[in-house]
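Nothing in this text is a laboratory measurement; each read-out follows from the coordinates by a stated rule. Since the structure is predicted, the reported quantities are computational estimates derived from the model, not experimental observations. Cβ coordinates were reconstructed from backbone atoms using ideal geometry, including for glycine residues, and neighbour counts include every protein chain displayed.
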Amino acid sequence: MPASTAPDPGEVPDTDLVKRCQAGDTRAFDVLVNRYRNRVYAMTYHMIQNETEAWDLAQEAFIKAWRAMPGFKLDSSFYTWLYRIAHNVTYDWLRKKKIQGDGEFDDSRTEHKVAAGAEAVPHGFLAPDTALKNAELGKRINDAISKLSPEHRQVILLREIEGLQYEEIAATVPCSLGTVMSRLFYARKKLQELLKDTYENAA
Amino acid sequence: MKTPPEDHDLIRWLDGEMNPAERTRFAARMDADPALKAEAEAMQRISTDLRAHLPVEMPLPYADFFNSQIQVRIAQEEVLSHEPGHRTWLDWLRMPTLVAATAAVAIAGMIIWQQGAQGGSVVLSTYAPDPAVQARSFHSEEAGATVLMLDGLEDMPADKKFVTFRIKHTENDHEAATTTLYGLHDEPLLVVAKDARNQPRLLAATPRG
């Protein structure tokens, strides 16, 4: 499952904070929110490509986590558990959106809106033209991701961004290992097709 | 949609899910099949670019507001849970720790009531430490009193003492997620909160004589 961020020395471990949350300490939960909000937000954003909706879904994930906290037995890391909740919240939203939109996605969601100060591309000292190409490639990748079906988008993000193993993806979705591999295959084929021009022009 | 096993091989190779023997065999296949090699390399490039351009973390806009909204939502849900049909904050009082904290005397049971609209007392909640004991109450117009029935209670010693709270009104502090219970003279009697398991947590109590 996604690795939890290693706490800094002196930082209160997640397990201690979880136990305090389970005793009703909302301040402890606030610390956990601080710790993982950027990661959860990145996940929801990549899944739905809309800043406002991603923000709301990330918040919904934390609220659900708070509600479910009494049942969390610490049999996985807090982040792994939280991630599953966030993933389910987002995927449910996507499925509902798909049903409401008859399978079509709102084009406005493919517009890549990045908050002021957001660092959505890697750090580095790049030449302006390289930075521009990188930014353009990032936009095209986001556009391509948004055009995948929710099922394909889900597995490709779980694999490429969160680095989950096949078994972990199968458990999270949930589906069989064969389905994971099939979806990954078709998701990559689709991305290849969508990004074909980008790569050909760059060559 | 099913994919043929050779496509699974390509995916497994890309994701590093093959053992060394499988990787060697797949490399030999790619050497013999330039189209397969080209596809594998194209997919590999996409994987690399995805990882480079889709960060694992993104700065959350309005982060402080995000946190405060969560705290507000948690507090609001607690308030909602007080409405009819939900557990009420008075249910929180059904907890032995509260009894232990508030009672300097032995407690057989605890009732919470407040003044009704017509001046009578309304029992809002009862607590019995022994789950075999069922507490019921009713207001007797004839007696002009609120009667508490304790079914299943063993004979009670005559010197057994009761602790009661007469609640005139309550106030919720949404920010602190607490409820303060006030007595007949508007004096604060108890300050309670609810933990994540919907269990009562006594924060403060006025000592009882």
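Can you tell me the FRET efficiency between B:A38 and B:S68 if r is taken as the Cβ-Cβ distance and R0 is 51 Å, rounded to the nearest 0.05? Present the calculation step by step, with values, prior to reporting the outcome.
Numbers: r = 53 Å, r/R0 = 1.03.
Step by step, r from the Cβ atoms, then E = 0.45.
What average number of partner chain Cβ atoms lie no more than 10 Å from the Cβ of the residues making up B:70-77? List each step's numbers first, then the result.
Values: counts 12, 6, 0, 5, 7, 1, 0, 3.
Counting Cβ atoms of other protein chains within 10 Å of each residue's Cβ and averaging gives 4.
Inside 10 Å of the C-beta atoms of A:184-192, what's the mean count of C-beta atoms belonging to other chains?
Working: counts 9, 10, 4, 2, 11, 7, 0, 6, 5.
Other-chain Cβ atoms within 10 Å of each residue's Cβ, averaged: 6.
What list of ³J(HN,Hα) values in whole Hz, one per residue of segment B:26-41 in order, does the Karplus curve 6.51 cos²θ - 1.76 cosθ + 1.60 (θ = phi - 60°) give from phi, with Gly and Pro shown as x?
Using θ = phi - 60°, the values come out as 5, 4, 5, 5, 5, 4, 8, 9, x, 5, 5, 5, 5, 5, 4, 5 Hz.
Below 13 angstrom from the Cβ of A:P174, what's the summed charge of the other residues (Lys, Arg +1; Asp, Glu -1)? Walk me through the numbers on the way to the answer.
Working: positive: A:R84, A:R183; negative: A:E151, A:E167, A:E168.
Charge balance in the 13 Å sphere: -1.
So for the pair A:N88, A:E11, with labels modelled 7 Å out along Cα→Cβ, what separation do we get in nm?
2.6
Please list, in order, the residues from segment B:168-193 whose amide nitrogen is less than 14 Å from a point placed 7 Å along the Cα→Cβ vector of B:Q76.
Only B:174-175 fall inside the zone, counting backbone N under 14 Å.
What spacing in nm lies between the two simple spin-label points modelled at B:D151 and A:N34, each 7 Å away from Cα in the Cβ direction?
About 5.2 nm, to one decimal.
Could you list, in their original order, any pairs among A:K19/A:K96; A:K139/A:K189; A:K97/A:K196; A:K73/A:K96; A:K73/A:K98 whose Cα atoms are separated by more than 25 Å?
Working: A:K19/A:K96 34 Å; A:K139/A:K189 19 Å; A:K97/A:K196 28 Å; A:K73/A:K96 30 Å; A:K73/A:K98 34 Å.
Violating the 25 Å Cα-Cα cut-off are A:K19/A:K96; A:K97/A:K196; A:K73/A:K96; A:K73/A:K98.
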